[in-house]
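Below: the structure, in structure tokens.
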Amino acid sequence: MNINDRIQTEVTSKPVVLFMKGTPTFPQCGFSSRAVQILQACGVEAFHSIDVLADPEIRQGIKSFSNWPTIPQLYVNGEFVGGSDIMTEMYESGELRKVLGG
């Protein structure tokens, strides 16, 4: 299975998927930490996270897959939502809660 197929499987396997640096309980960068906090503030109790630091192929592949140069990256129902800045803007406007079904 090539990297795009692996990523496609990941983003469609769960309703909310966050590619991040580290884990939700131990984020390895401020942007990933902020993304986790935003999801929790939106009432998302459980989401699938992928630590890109643990897999260099995923770390590079996700940037090409989404055509988005930074991590974290949020996917909801298989669709790319955005990175930390977009998540912040959507959270502040109330739009992210709607996308998450809340």
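Where a number appears in this text, it was derived from the coordinates with a stated rule and is not lab data. Computed from a predicted structure; not experimentally measured. Cβ placement follows ideal geometry from the backbone for every residue including glycine, while neighbour counts extend to all protein chains displayed.
Quick notes on this structure:
- Filtering segment 28-53 to residues that are farther than 15 Å from residue 83 by Cα and either aromatic (Phe, Trp, Tyr) or surrounded by 19 or more Cβ atoms within 10 Å (Cβ to Cβ) (or both) leaves 42, 44, 47.
- Checking each residue in segment 16-26 for being surrounded by 15 or more Cβ atoms within 10 Å (Cβ to Cβ) and either touching a residue at least 40 places away in the same chain (Cβ under 8 Å) or more than 25 Å from residue 98 (Cβ to Cβ) (or both) picks out 16, 17, 18, 19, 20, 21, 22, 23.
- Note on segment 46-66: residues that are in contact with a Pro (Cβ under 7 Å, 6 or more places away or on another chain) and assigned to a helix (DSSP H, G or I) total 1.
- Annotation note: of 91, 75, the sole residue that is touching a residue at least 60 places away in the same chain (Cβ under 8 Å) and either over 17 Å from residue 3 (Cα atoms) or not in a loop (DSSP other than H, G, I, E, B) (or both) is 75.
- Whichever residue in segment 1-15 is surrounded by fewer than 20 Cβ atoms within 10 Å (Cβ to Cβ) and among the β-branched types (Val, Ile, Thr) and, among such residues, is nearest to the chain's Cα centre (by Cα): 12
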